[in-house]
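Notes follow once the structure below has been shown.
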Amino acid sequence: MSDSAASGVRGISVAAAFAGMRSVAPVMFRAGCPDCRGRFELAASALRLAIGASSRTTFYSFTCPECGAAVRKPAGERVVELLTGGGVRTLRLHSTL
Ligand SMILES: [Zn+2]
């Protein structure tokens, strides 16, 4: 019996737990892969932002869902703002000396 009961219930309890937070829509970021030229949308959790001492060492990275390539792209000020505002995990590469 557990077999038929489980099929439609997957993830329901998690969805219910977040039902009260529905006002915040999941942010999706559009990205493209230079390797396979795929275009797709990524959730904030799929992206990583690394902030260096200068804009030349500030970039964001993700793994292409199409071909699995590790993609790294420079992030300008505006991109940094968008990503951090969207809840992307941020890594600070420089320490303030
Ligand atoms: Zn790709």
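Computed 3J(HN,Hα) for region 54-67, one whole-Hz value per residue from the Karplus formula 6.51 cos²θ - 1.76 cosθ + 1.60 where θ = phi - 60°, is 10, 5, 6, 10, 9, 8, 10, 9, 7, 9, 4, x, 8, 10, glycine and proline marked x. The charge dipole of region 34-96, taken about its Cα centre with unit charges on the Cβ of Lys, Arg, Asp and Glu (plus for the first two, minus for the last two), comes to roughly 140 debye. A cut-off under 12 angstrom between Cβ atoms defines the neighbours of Phe59, and their net charge, with Lys, Arg +1 and Asp, Glu -1, is +4.
Annotation: Cα Rg of region 23-92 relative to the compact-globule expectation 2.2 N^0.38 Å equals 1.07. If the chain linking Leu91 and Arg56 were pulled fully straight, counting 0.36 nm for each residue of separation and taking away their Cα-Cα distance, it would gain 11.1 nm. Converting phi to 3J(HN,Hα) with the Karplus coefficients 6.51, -1.76 and 1.60 and the offset θ = phi - 60°, region 37-45 yields 6, x, 10, 7, 10, 10, 6, 4, 6 Hz in sequence order, with x at every glycine or proline.
Values in this text are rule-based calculations from the coordinates and carry no lab data. Here the structure is a predicted model, which means the values were calculated and not measured. FYI the Cβ positions are ideal-geometry reconstructions off the backbone, even for glycines, and counts take in every protein chain you see.
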